[in-house]
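Quick note: the coordinates plus some simple rules give every number you see, no bench work behind them. Since the model is a prediction, treat every value here as computed from it, not as a measurement. All Cβ positions, even for glycine, are placed from backbone atoms using ideal geometry, and neighbour counts span all protein chains on display.
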Amino acid sequence: MAKPVLVVGNKNYSSWSLRPYMALAMAGVPFELKMIRFGEPRFGREIRKISSAGLVPVLLHKGQAIWDSLAIIEYAAETWPSKGIWPKSAKARALARSAAAEIHSGFRGLRDACPMNLRRPHRPLKGGTPQAALKDVARLEQLWSDCRKAHGRGGPFLFGAFSAADAMYAPVVTRLETYAIPVGKETKAYMDAVLGTEAFKAWKADGLKEPWIVPEDEAD
Ligand SMILES: N[C@@H](CCC(=O)N[C@@H](CS)C(=O)NCC(=O)O)C(=O)O
């Protein structure tokens, strides 16, 4: 059967693309990647040929286009149930889904001030980290600690083994590192676990080779 194709944007910048990539790659689902570059007219034309939403990521599978990072992850969890994309226990799964939904629709303060930009030198924003972003970081640390306390035994990730919740938070982890935002020891250990995965390292290595600059995602 043909492998699914995950259509993504520039690896250096596309935080939404990184999420389903991490979920599929860490679960061991075989898939191909196709990249459509931001910032040129071809992007709009190409992406609209496969999805009327006009945004990446999109998963192409069995003649269908599934768009939106969280919808792709849910589709993958249903399509490859043995891969353990969500945690096994119903209690952990409910918390993981809440955490995933929270990042999907929230944390605007941090996301707006600190766009994902893997090649940016690791240093704080010149004007300092805005209050709204710091408030989001405090919430992140609380949430991650709650998940780890309740379900983190057996591995370094939010629910022990890597799950969709970690995939959804992977771009935020990169932002904490890139913008040198101070965090506690527990948070740092979690960040190291995500940044140390082979899947993330491979994505980042490709991202660092990309020569293209997207000015709106370059924050000083
Ligand atoms: N909520 C969507 C957001 C997708 C999104 O905003 N994608 C951005 C890239 S990270 C995009 O395609 N931008 C291109 C554009 O706006 O033209 C998801 O979860 O997939």
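The length gained by stretching the chain between Glu32 and Lys126 to full extension, at 0.36 nm per residue less their Cα-Cα distance, is 30.0 nm. Label separation (Glu210 vs Glu198): 2.4 nm, computed from points 7 Å beyond Cα along the C-beta direction.
With a simple spin-label model that places each label point 7 Å from the Cα along the Cα-to-Cβ direction, the separation between Ser82 and Ser52 comes to 3.7 nm. For the chain, adding -39500 (n - 2.57) for each run of n ≥ 4 DSSP H residues and dividing by the number of residues yields -16500 deg cm²/dmol at 222 nm.
Taking only the alpha carbons of the chain, we obtain Rg and Dmax values of 16.8, 52 Å in that order.
By the Stokes-Einstein formula, at 0.692 mPa s and 37 °C, region 181-220 with its Kirkwood radius over alpha-carbon pairs has D equal to 267 µm²/s. Using bins of 10 Å that start at zero, the share of Cα-Cα pairs per bin across region 12-126 amounts to 11, 38, 35, 14, 1, in whole %. In the structure shown, the pairs Lys3/Lys62; Lys83/Lys204; Lys11/Lys201; Lys149/Lys188; Lys126/Lys201; Lys62/Lys201 are assessed against 19 Å; a Cα-Cα span above that value is assigned to Lys83/Lys204; Lys126/Lys201; Lys62/Lys201. In the elastic network of the chain, a GNM with C-alpha springs shorter than 10 Å, the most mobile of Ala161, Ala101, Ala53 is Ala53. Between His104 and Lys91, the modelled label-to-label distance comes to 2.4 nm, taking each label 7 Å out from Cα in the direction of the beta carbon. With one equal scatterer per alpha carbon and no solvent term, the Debye-computed log10 I(q)/I(0) for region 123-208 at 0.11, 0.17, 0.21, 0.25 1/Å reads -0.30, -0.71, -1.04, -1.32.
For the pair Arg42 and Ser145, the difference between a 0.36 nm per residue extended length and the Cα-Cα distance amounts to 32.8 nm. Ordered by the count of other Cβ atoms within 10 Å of each Cβ, fewest first, Ile50, Ile36 give Ile50, Ile36.
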